[in-house]
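Peer 1: Mind looking over this structure? Questions follow.
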Amino acid sequence: MASTKEKIVQMAIEIFNKKGIKNTTSRDIADALEISRGNLSYHYKCKTDLIEDVYKYIFESKEIEILPNGLVTLHHFHALFKQMIDFQDRYRFFFLDIIEILRDYPTVGKLYRERAHRRTAQGRALINYYIGSGLFQPEPIPGIYDQLSNTVWIVRVFWLNQVWIKQECKRDGTVAMDKKRALESIWMLHYPHLTDKGKVEYFEIMKLVAKPAS
């Protein structure tokens, strides 16, 4: 059974996804949980403490493994991208307001910056693995795969932002997370660097992407 603090964190995430952090009050969270504001403040004396626990709940307890053990194919890469897109959709408030959150909550900002550098480095290491397994071409220009890893990170993290800017929203005003287009965009960045062997797997993956969600 979830503790009171965990219930508060989970409810906060649900409300943040609807209203954003800035527009959510302690009363919103207390009322949704049917507890008093005093009870809420007993567990979280300030919003900063709550946001830091929300961050830990989202990122530290649900870390997605980038570098697996054993032999992997590009299908692993695809599963990884899909997990990350699903993750962004589940915690969309964080990615839609990411700059504001990192600026307003310095501890979260520090943790996320460290995570961002770690994730791009892991992505780059995975490309090295695929070069060795004959799925990626050797690096044609020194540093180009470093840039590729960073660009993929940018597309993943800021996908919802570009959707919001272009106002590609649902009828109720919420941002439409077009997961198919997000995955296609990420893979198009990789396609020019694949070997013939890698392109065979790429077209197999694109068939999976084209299938309607069940």
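The values are calculated or read from the model by the stated rules, or taken from the named source; none is laboratory data. As the structure is a computational prediction, the values presented were derived from the model and not from experiment. Note: ideal-geometry Cβ built from the backbone for every residue, glycine included; neighbour counts use all protein chains shown. Side chains included, ligands, DNA and RNA excluded: accessible areas come from the protein's heavy atoms. Shrake-Rupley method; radii C 1.70, N 1.55, O 1.52, S 1.80 Å.
Peer 1: List pairs: first in segment 1-29 and at pLDDT 95 or above and open to solvent by less than 70 Å² (accessible area, probe 1.4 Å), second part of a loop (DSSP other than H, G, I, E, B) and among the hydrophobic types (A, V, I, L, M, F, W, C), Cβ under 6 Å, 6+ apart or cross-chain?
Peer 2: none
Peer 1: Could you please let me know if Ile131 is open to solvent by 30 Å² or more (accessible area, probe 1.4 Å), farther than 23 Å from Lys82 by Cβ and aliphatic (A, V, I, L, M)?
Peer 2: no
Peer 1: Go through segment 67-120 and give me each residue that's more than 30 Å from Phe203 (Cα to Cα), in contact with a helix residue (DSSP H, G or I) (Cβ under 8 Å, 6 or more places away or on another chain) and among the charged types (D, E, K, R).
Peer 2: Those that are more than 30 Å from Phe203 (Cα to Cα), in contact with a helix residue (DSSP H, G or I) (Cβ under 8 Å, 6 or more places away or on another chain) and among the charged types (D, E, K, R): Arg103, Arg113, Arg115.
Peer 1: Here is a follow-up. Return yes when Glu139 is surrounded by fewer than 17 Cβ atoms within 10 Å (Cβ to Cβ) and under 26 Å from Ile13 (Cβ atoms) and no when it is not.
Peer 2: No; evaluated as a whole, the condition is false for this residue.
Peer 1: Something else: Find all pairs meeting these conditions: Cβ atoms under 8 angstrom apart; at least six residues apart or on different chains; first residue within segment 132-157 and under 27 Å from Arg181 (Cα atoms); second residue of a type in the set (Asp, Glu).
Peer 2: Once the first residue is under 27 Å from Arg181 (Cα atoms) and sits in segment 132-157, its partners that are of a type in the set (Asp, Glu) give Leu135/Glu201; Tyr145/Glu139.
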